Amino acid sequence: MLNVLKIKEVISLFLRPLFFGLALAALLSGCASNGDDDDFGDDEFGYEIPDDNDPLEVPNRFIFAFNDALDVFIFQPVAATYRFILPEVVRNSVQSFLRNLNTPVTLANNILQWDWEGAELTMGRFAINTSAGVLGLFDVATDAGYPYREEDFGQTLGVWGADEGFYLVIPVLGPSSLRDGVGRLADWGLDPLTYVMTFEQSIALRAAEGVDFRARNIETIEALKADSIDFYARVRSLYRQNRADQINNGRAPEDVPAPDLDTEDGF
C-alpha cells in the first residue's frame, strides 16, 4: 500500500500542471477577449440559447457527465444518509461551524475588494459566533443582525472588472470559469488552515462541506434535472447568474459602485 507521502507526491504531480494551465489560460483569455461574447440564459420557452463563451463544451460535457455519475452513485446517497441520520439542529451546527472556519478567506476578500462594510460584518459574525455561538457551532450572529455573506477571490476579481473567461467544469468540484478557477487557487493560499492542517484533514473538511451542501439541495437538484431539457446547459446558465449575483451582492449591476482607491466603495 502506498504511504501518505507517496499519495501526496502523486497528487502534486497531477495538480501542478493543472494549476499552471489554469493560470496560463487565464492570461491568454484576458489578452484575446474582445468583450463581445454573447452570453444569454434560457429564452422565454425554457430553451437554452447557444453560448459562444464555452469553447471547451465537449470536454466540459464529458467531465459534467462524470461528475453526475459520481453524484448519482456516491454523493447523493451519502448526502441522503447524512440527512436521515442527523437531526436538522446538528446539520445546522455543522454548516455554521464550517462557515465560521471560512471567515479568514471571506475577510481577506472583503479587504481586497475595499469592502469595509462587508469586513465589519464578517468580523462581527466571527466574534459573536465564536463566543456566544460556542466556537461557531450555533449561528446566533444572523439573529443579531449579522447575516452570512461569503466572499471568494473569484468574486474579488469580478468586482475589479476581470472577465469570467470561458466556462469550465472541474472534476468533482463542478461548474467554474477561468476567473473562478484561478480564484480557487488564491483562496487556498489565503486560508490559514492550508498551512496548519494535514492533507487528510483538508480532504475531510472539503468533503464535509460538499456533503452538507448536497444534503441541503437534494430536492432542488432533482427538480432541476426533471425540468431541464439540457441539464448541462441549465447548470451553466444558473452558475453564471448566481456568480453575477454574488459579485454584485444581490444588487442590479447599474446600482453597484465601482471600487475606488480613494474613497470607500459603500458595499
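Near D152: Cβ cut-off under 15 Å, other residues only, Lys/Arg at +1 and Asp/Glu at -1. The net charge is -3. In a fully extended conformation the segment linking M197 and I74 would gain 41.7 nm over its present Cα-Cα distance, using 0.36 nm per residue. Based on the Cβ-Cβ distance from I229 to V89, what FRET efficiency comes out when R0 is 45 Å, to the nearest 0.05? After rounding to 0.05, the efficiency reads 0.70. Report note on the peptides 195-202, 170-177, 154-161: ranked by the mean count of other C-beta atoms within 10 Å, highest first, their order is 154-161, 170-177, 195-202. Stokes-Einstein diffusion for the stretch 58-183, with the hydrodynamic radius set to the Kirkwood value over Cα pairs and evaluated at 4 °C in a medium of 1.567 mPa s, equals 78 µm²/s. Model label points for D245 and D143, set 7 angstrom from Cα along the Cα-to-Cβ axis, are 2.6 nm apart.
Computed over the stretch 165-236, the P(r) curve from all C-alpha pair distances, binned at 5 Å from the origin, holds 3, 13, 15, 22, 20, 14, 8, 4, 1, 0 percent per bin.
All of the numbers you see were taken from the coordinates with simple rules; none came from a lab. Only a predicted model underlies this, so the values are computations on that prediction, with no experimental measurement involved. Neighbour counts run over all protein chains shown; Cβ positions are idealised from the backbone, glycine included.
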